[in-house]
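**Q** Handing you this structure, nothing more for now.
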Amino acid sequence: KTQTLLLGQTLRFTGNPLSDPWEDTVRIDSDGAVLIEGAHIKAVGRAGDLRKAHPQATVKDYGDRLICPGFVDAHVHYPQTAIIASWGKRLIDWLNTYTFPEEMRLSDPEYARDIAGRYLDLTLANGTTTVCSFATIAPTSVDAIFEAAAARGQRVVAGKTCMDRNAPDGLRDTAQSAYDDSKALIDRWHDKGRASYAITPRFTPTSTPEQLAALGALWSERPGCLMQTHLSEQVDEIAWVKDLVPHARDYLDTYEEHGLVRDRAVFGHAIHLTPREIDRLADSGASVVHCPTSNTFIGSGLFDMAQIAARRIPIGLATDTGGGSSFSMLRTMAAAYEIGQLRGTPTHAAQLMWLATAGSARSLHLHDKIGTLAEGYEADISILDLASTPAIKQRSENAKNTWAQLFATIMMGDDRAISDVWVNGVRRG
Ligand code: GUN
Ligand code: FE
């Protein structure tokens, strides 16, 4: 197997900086090195030590650039790539006006393949190596994203979006067809190469209780896959759910009553939660995903990360493309920082980087495979230039340490800060 030794500064995790002090759980080593062997990380350590121990390895010297795990975007809708940044609507109107017509277009398998490929290239250019995506109701749109990911060697999670009410003609399935199509897709894709499947009811307003029950039954037959959906994103949406399911104790209960709240469940947004919902999420092992650019762009609200983290509920970070306004996890970390400030709980750069990598990986149950630079992990790696524009360079030169430099890149950086990307041990630059 070929060995490549990457030299630079390395971002290392030894714990979870949301539950323990960041200084004890995250560090940056200058003169660091990462040895890639085949598709995996073989060693991480000091440049001098690893050079001596592996003299035959090809050396790639990144100077003082930062070698980090590839970003993991824990909640996206790849079919919305071409309607990102659509103006002036809140959630339900935004779905009806912009999203549903575009998702309809992906029923054409050729268009879906085109968007899937362009989407993954955009995310790679932004240093994102894994995404967890909703597809559309068309099973071929699931094939499109898994095929595009396989062609690029990428680990991807995806699932067929299920909707059997409150969606236009041509964009509805049924309880039975959602069950049958999802099952066939699980058997075609789940755990094949680097693909994982997520059973994907869009949200309670677009799934009848019969559909949620059918998907709950499917999940109990295929318990190893994930289940992804939306939860308590916008106040009007929550009121609609109350109307649709009057007997439910709260929004989460509409999923819970169909067996959809347990570990491997991934709830996007989760902004306006009741104490009971938080307790239930904490007991269940389910994850929530913070989508900060989407939550401001669609006008949804301020996710309370400090409270959710204090309850040890796994948290992922995500763009929510195209409800979010960016493909960049740097921009997404910046927005998470800003929302933390509005709530009086600023998040440190170490915590933001952890959320965008190991934290998101953990929220998707992939934390033993990706999201961390350590021996045995899959070699998905992004290289950050901490002086990528004149403004950032100037701020970087005036910074008292690497953390301050990294924070400037988080707040002001874009795809120009991504020097290089390695996917499954292969350089994708
Ligand atoms: N809730 C249901 N569907 C969607 C979607 O596509 N995007 C967002 N942001 N929220 C949703
Ligand atoms: Fe979403």
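**Q** If you go through segment 180-198, how many residues are surrounded by fewer than 22 Cβ atoms within 10 Å (Cβ to Cβ) and not in a strand (DSSP E or B)?
**A** 10
**Q** Quick one: would you say ALA213 is under 20 Å from LEU260 (Cβ atoms), in contact with an Asp or Glu (Cβ under 9 Å, 6 or more places away or on another chain) and more than 16 Å from ligand 1 (Cβ to nearest atom)?
**A** Yes: the conditions hold for ALA213.
**Q** Suppose the filter is crowded, with 22+ Cβ neighbours inside 10 Å, among the β-branched types (Val, Ile, Thr) and in a helix (DSSP H, G or I); does THR372 pass it?
**A** Here the answer is no, as THR372 does not meet what is asked.
**Q** Here are some residues: GLU102, GLU110. Which one is in the same structural domain as GLY359 (by TED's automatic domain parsing), over 24 Å from the mean Cα position of the chain (by Cα) and part of a helix (DSSP H, G or I)?
**A** Sole residue among the options that is in the same structural domain as GLY359 (by TED's automatic domain parsing), over 24 Å from the mean Cα position of the chain (by Cα) and part of a helix (DSSP H, G or I): GLU110.
**Q** Still on this structure, I have one more. Check whether at least one residue in segment 291-298 is touching a residue at least 60 places away in the same chain (Cβ under 8 Å) and more than 11 Å from ligand 1 (Cβ to nearest atom), and report yes or no.
**A** Taking every residue of segment 291-298 in turn, none turns out to be touching a residue at least 60 places away in the same chain (Cβ under 8 Å) and more than 11 Å from ligand 1 (Cβ to nearest atom).
**Q** Report whether or not ASP283 is surrounded by fewer than 24 Cβ atoms within 10 Å (Cβ to Cβ), in contact (Cβ under 8 Å) with a residue 12 or more places away in the chain and of a type in the set (D, E, K, R).
**A** no
**Q** Now for a different question. Return the residue satisfying two criteria in turn: it lies in segment 299-325 and is within 24 Å of ILE92 (Cβ to Cβ) and without any contact (Cβ under 8 Å) to a residue 40 or more places away in the chain, and of such residues it is farthest from ligand 1 (Cβ to nearest atom).
**A** Step by step, filter segment 299-325, then rank; the result is ASP304.
**Q** For ILE145, work out the one condition from (1) farther than 24 Å from LEU330 by Cα; (2) part of a helix (DSSP H, G or I) it doesn't fulfil.
**A** Result: ILE145 passes all but (1).
**Q** In segment 327-346, which residues are polar (S, T, N, Q) and closer than 15 Å to ALA74 by Cβ?
**A** If the condition is that a residue be polar (S, T, N, Q) and closer than 15 Å to ALA74 by Cβ, then SER328, THR332 are the ones that fit.
**Q** If I filter segment 378-390 for residues that are over 22 Å from HIS40 (Cα atoms), outside any loop (DSSP other than H, G, I, E, B) and not assigned by TED's automatic domain parsing to the domain that holds GLN307, do I get at least one hit?
**A** Looking through segment 378-390, at least one residue is over 22 Å from HIS40 (Cα atoms), outside any loop (DSSP other than H, G, I, E, B) and not assigned by TED's automatic domain parsing to the domain that holds GLN307.
**Q** Out of (1) under 27 Å from ALA112 (Cβ atoms); (2) of a type in the set (Ser, Thr, Tyr); (3) free of Cβ contacts under 8 Å to residues at least 40 places away in the same chain, what's the single condition that is false for TYR78?
**A** Going through (1) under 27 Å from ALA112 (Cβ atoms); (2) of a type in the set (Ser, Thr, Tyr); (3) free of Cβ contacts under 8 Å to residues at least 40 places away in the same chain one by one, TYR78 breaks only (3).
**Q** Please enumerate the residues belonging to segment 389-405 that are surrounded by fewer than 21 Cβ atoms within 10 Å (Cβ to Cβ) and in contact with a strand residue (DSSP E or B) (Cβ under 9 Å, 6 or more places away or on another chain).
**A** The answer is ASN401, THR402, TRP403.
**Q** Something else about it: Is it the case that GLY268 is in contact with a His (Cβ under 7 Å, 6 or more places away or on another chain), modelled with pLDDT of 95 or more and not in a helix (DSSP H, G or I)?
**A** yes
**Q** Within segment 2-30, can you find the residues that are among the small types (Gly, Ala, Ser) and in contact (Cβ under 8 Å) with a residue 60 or more places away in the chain?
**A** Result: GLY8, SER19, SER30.
**Q** Is one or more of the residues making up segment 49-71 β-branched (Val, Ile, Thr), within 16 Å of ligand 1 (Cβ to nearest atom) and touching a residue at least 40 places away in the same chain (Cβ under 8 Å)?
**A** For segment 49-71, residues β-branched (Val, Ile, Thr), within 16 Å of ligand 1 (Cβ to nearest atom) and touching a residue at least 40 places away in the same chain (Cβ under 8 Å): absent.
**Q** Among LEU35, LEU11, LEU5, which is within 29 Å of ALA310 (Cα to Cα), more than 16 Å from ligand 1 (Cβ to nearest atom) and crowded, with 20+ Cβ neighbours inside 10 Å?
**A** LEU11
**Q** Here is a follow-up. Are there any strands (runs of 3 or more DSSP E) wholly within segment 7-85 with 3 or more residues that are within 16 Å of ligand 2 (Cβ to nearest atom) and at negative phi, and if so which?
**A** In segment 7-85, the matching strands (runs of 3 or more DSSP E) lie at 71-77.
The values are calculated or read from the model by the stated rules, or taken from the named source; none is laboratory data. This one's a predicted model, so the numbers in the text were calculated from it and none came from an experiment. Reconstructed Cβ throughout: ideal geometry from the backbone, glycine too, with neighbour counts over all protein chains shown.
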